1. Please give me the summed charge of the neighbours of Ala264: other residues whose Cβ is under 15 Å from its Cβ, Lys and Arg +1, Asp and Glu -1.
2. Determine, for each peptide in 78-90, 234-246, 191-203, the mean count of other beta carbons within 10 angstrom over its residues, then list the peptides with the highest first.
3. Using Cα positions and a limit of under 24 Å, work out the lysines in reach of Lys293, with same-chain residues fewer than 8 apart set aside.
4. Please state the charge dipole magnitude for the chain, taken about the Cα centre, from unit charges on C-beta atoms (+1 on K and R, -1 on D and E), reported in debye and rounded to the nearest 20.
5. Sort 64-76, 329-341 by packing, meaning the average of other beta carbons within 10 Å per residue, with the highest value first.
6. What translational diffusion coefficient, in µm²/s and rounded to a whole number, does the Stokes-Einstein relation yield for segment 2-81 at 10 °C and a viscosity of 1.306 mPa s, taking the hydrodynamic radius as the Kirkwood radius over Cα pairs?
7. Return the aspartates and glutamates within reach of Lys385: Cα separation strictly under 15 angstrom, same-chain partners fewer than 8 residues apart disregarded; answer none if there are no such residues.
8. Quick check: at a probe of 1.4 Å, how many percent of the accessible area of the chain sits on carbon and sulfur atoms?
Amino acid sequence: VYRKQVKQGETIFGYEQPGDSAFLVESGQVRILDKITQKDSYLLGPGDMFGEYGVIAGASHYSAAVAEEDCLLLVVSREEIEEKTNSADPMISLFLKFFMERCHDLTKRHHGVPVTPQDQPAPLPHRRDIALRSHREQLLKEFQIKEELERALLNDEMVLYFQPIISLRGGFTAGFEALLRWQHPTRGLLSPYHFIDIAETTNMIVPIGDWVFREACKQARDFNLKTAELGKPEVFVSINISANQFAVPNISRRFKEITEETGADVSTIELEITESVLMEDTAHAKKVLGEVKELGFDLVLDDFGTGYSSLNYLHQFPIDKLKIDRSFTHTVLTDESSLEIVRAISGLAHNLNIEVVAEGIEEREQLSLYRDLDCHFGQGYLISKPLSVQDVYGILGT
Ligand code: C2E
Ligand code: CA
Ligand code: CA
Ligand code: CA
């Protein structure tokens, strides 16, 4: 959005000019002239909007706009409006698209009405913009998956698996990462790769995240009833928290409530966040991270090394652990630069008193390399695949 000054008598846009911005009148008056009669006109004042139709429906203006007096206008570009429309709830977005298209058709029909009655009105070409159509198909798909995800939550189709994380020094199971699965009625057990992105864009990640948090807390409580019974050390459960979830107002209070309701011990719950949480809105991130730390949750920085990876902001946030991304683990034995990065990360973490979790360990040599680098924890298929709750009890007993 930017502000534009126009002088009395100046044309803001002319007839048939493609619409690339909408205007909001801040002060002064604007005259809108109808294309057909070129006589009908009306005045708009502060708070009125014009030009929006051309922008949203991707049409040319059917009218012209001229400053009746000196005006201040707020200009909203097509890109801005499209960005907002596209990031809206898919239902609103789809509704808007249909509504504006219909509006477009109606106006064309209206303007196509012949001036003399004997002229045949030209049949209205139902020309749909290809880009618009594929966008609509995309929206429809999102809309369907959103419906499916809502149903999945209602029907208990979501399940958590738990992947063991071992202490590299002690060799024992120190905790588990909670990993979401969707037991789809027709497609089988789906990994989050199939639906997390759509859950993010449709904001379904918020209710799903809530469910994950509650379920993970319940299991953390039960796992530790078991460890206590067996006289073994406590195990932690780490939960993936998406950036959108993190942006929900009062999220830290929500985490606390759920933890209390389920009877889990906060000291056994870890929150896994990615660098994007830290980068998007640093002030907000600092505030929320401070709050959750205060409440007693441990913070784990996930996928470290893949994103912005600035080692220099690490000390600004109260991070307890960082997870070296599995892409480094996969190349650490063969690629000298991977090894250097892993060395640098673990060296820095040691200096900052941050514990290191190496993920994606599939080979013995990777495990021993991380042990040599004195990394604290290891996770990966070599140690164990993600387990069902029942299988977790199997390994807790051993
Ligand atoms: P992530 O946080 O990096 O989780 C680790 C992923 O690596 C898991 O995939 C896990 O099964 C897989 N993995 C573990 N060990 C190995 C290994 O040795 N080799 C290889 N190649 N892969 C290994 P999964 O469960 O499919 O999860 C994928 C991603 O989905 C996760 O990546 C995480 O970003 C996201 N995710 C999972 N559960 C949740 C959740 O409850 N909430 C949110 N917001 N995201 C989740
Ligand atoms: Ca993770
Ligand atoms: Ca802890
Ligand atoms: Ca990860």
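The values are calculated or read from the model by the stated rules, or taken from the named source; none is laboratory data. No experiment lies behind these values; they were computed from the predicted model shown. As a convention, Cβ positions derive from the backbone with ideal geometry for all residues, glycine included, and neighbour counts pool all protein chains shown. These accessible areas exclude ligands, DNA and RNA; they are computed on the full protein's heavy atoms, side chains included. Shrake-Rupley method; radii C 1.70, N 1.55, O 1.52, S 1.80 Å.
1. -4
2. 234-246, 191-203, 78-90
3. Partners within reach: Lys218, Lys256, Lys321, Lys323.
4. Values: 40 positive and 62 negative charges, 137 e Å.
Using Cβ point charges on Lys, Arg, Asp and Glu, the chain gives about 660 debye.
5. My ranking of the peptides, most packed first, is 64-76, 329-341.
6. After rounding, the answer is 129 µm²/s.
7. Glu177, Glu359, Glu362, Glu363
8. 53
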